[in-house]
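K.L.:
Quick one: structure below, then a few questions.
The values are calculated or read from the model by the stated rules, or taken from the named source; none is laboratory data. Since the model is a prediction, treat every value here as computed from it, not as a measurement. Cβ sites come from the backbone with ideal geometry, for glycine too, and all protein chains shown count toward neighbours. In case anyone asks, the SASA skips ligands and DNA or RNA and just uses the protein heavy atoms, side chains included. Shrake-Rupley method; radii C 1.70, N 1.55, O 1.52, S 1.80 Å.
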Amino acid sequence: MPKAFFVDTSRCTACRGCQIACKEWHDLPTTATKQNGTHQNPPDLNASTYKLVRFSEHRIDGKVEWYFFPDQCRHCLDAPCLEVANGYVEGAVIQDKKTGAIIYTDRCKQLKEDECEEVTEACPYNVPRRNTGTGMMMKCDMCIDRQQAGLIPMCVKTCPTGTMNYGDRADMLAMAEKTLVKVKKEYPRASIVDAKDVNIVYLIQDTPERYYEFVTADNSAVGLPMSRKNFLAGMTKPAKRIFG
Ligand code: SF4
Ligand code: SF4
Ligand code: SF4
């Protein structure tokens, strides 16, 4: 049965345990940054940061409110990045049948730089990043090695608040719906994001634009020209270039 995460952002304290644990498990180097007026560090996902706890701060009804979003690859059911990458190099990206994880293979190194850019552009959540040293495309691998060894993903294991949950997809969707009913009592604008399309299912307590521009695939609400529909319409581009 495919696996999924349920990420209840209403419980997230932004401790960043998940972010550090992900780096530690994957033996990823730190990123040199400087203080730029936010606790979000580094400022964005990068080739050695697969998980990033995003911070946004708002003044609402005279009070300061913080919103936290532990961002990562959503492991899409029909992944646009897979379609685009494999249009150039067959087998560059695979979907693990057992878990549903979208995995970037070593064949990604055969993608040219501009093709890698297209892969990133195809992602509705702006996730994959190219390692400029190795040429490899990098992102969360759903801790596939841990799952294959019967262990839960590292960020889930580390989270102390119950924000990160992992299990069979049906169970995670049921947990999301049940939790939403509770959270809505305090936060009426709460919603579940893109559950039909992804295996990393987020609950947000306010509208997506309060978090950041790529919370949902349909980001037209925050003024970006691209929606998931537009991205998917663009997916045939590499195949046309190769075959047509
Ligand atoms: Fe690919 Fe982006 Fe979907 Fe992850 S979120 S599977 S990188 S399209
Ligand atoms: Fe990192 Fe694994 Fe969590 Fe993905 S599932 S964000 S690789 S710890
Ligand atoms: Fe939020 Fe849990 Fe990550 Fe801490 S470990 S930042 S509570 S998701």
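K.L.:
Which stretch or stretches of segment 115-130 have amide N atoms under 12 Å from the point lying 7 Å from E209's Cα along the Cα→Cβ direction?
P.N.:
Inside the label zone: nothing.
K.L.:
With +1 on the Cβ of every Lys and Arg and -1 on the Cβ of every Asp and Glu, and nothing else charged, how large is the dipole of the chain about its Cα centre, in debye rounded to the nearest 20?
P.N.:
Value, rounded to 20: 340 debye.
K.L.:
Which entries of K23/K182; K34/K98; K63/K178 have Cα-Cα distances beyond 31 Å here?
P.N.:
Pairs exceeding 31 Å: K23/K182; K34/K98.
K.L.:
Additional query: Based on the Kirkwood radius over alpha-carbon pairs, what value in µm²/s does the Stokes-Einstein equation return for the translational diffusion coefficient of segment 102-196 at 20 °C and 1.002 mPa s?
P.N.:
The estimated diffusion coefficient comes to 132 µm²/s.
K.L.:
Can you pull the three principal axis extents for the Cα set of segment 1-159, in Å, largest first?
P.N.:
Over segment 1-159, Cα extents along the principal axes are 53, 36, 29 Å.
K.L.:
Give the aspartates and glutamates whose C-alpha is closer than 15 Å to that of K157, dropping any in the same chain fewer than 8 places away, or say none.
P.N.:
Output for K157: D8, E24, D145.
K.L.:
Using a 1.4 Å probe over the heavy atoms of the protein chains, calculate the carbon and sulfur portion of the accessible area of the chain as a whole percent.
P.N.:
For the chain, the apolar C and S fraction of the accessible surface comes to 53 percent.
K.L.:
Express in nm, to one decimal, how much length is gained between E186 and K157 on full extension, taking 0.36 nm for each residue of separation and deducting their alpha carbon distance.
P.N.:
Extending this stretch completely gives an extra 7.7 nm.
K.L.:
For H39 paired with D168, estimate the spin-label separation in nm (one decimal), with each label point 7 Å from Cα along the Cα-to-Cβ line.
P.N.:
3.7 nm
K.L.:
Helix-only estimate, please: 222 nm mean residue ellipticity of the chain, summing -39500 (n - 2.57) across DSSP H runs of length 4 or more and dividing by its residues, to the nearest 500.
P.N.:
Value at 222 nm, helices only: -8000 deg cm²/dmol.
K.L.:
Still on this structure, please answer the following. Rank V183, T105, G133 by how far each Cα sits towards the positive end of the charge dipole of segment 90-206 (+1 on Lys, Arg Cβ; -1 on Asp, Glu Cβ) and give me just the farthest.
P.N.:
V183
K.L.:
Oh, and also: According to the Kirkwood expression over distinct Cα-Cα pairs, how big is the hydrodynamic radius of segment 18-73, in Å?
P.N.:
Final number for the Kirkwood radius of segment 18-73 is 12.4 Å.
K.L.:
Something else: Which trypsin sites (Lys or Arg not before Pro) in segment 1-79 pass both tests, a DSSP loop state and at most 12 other beta-carbon atoms within 10 Å?
P.N.:
Answer by residue number: K34.
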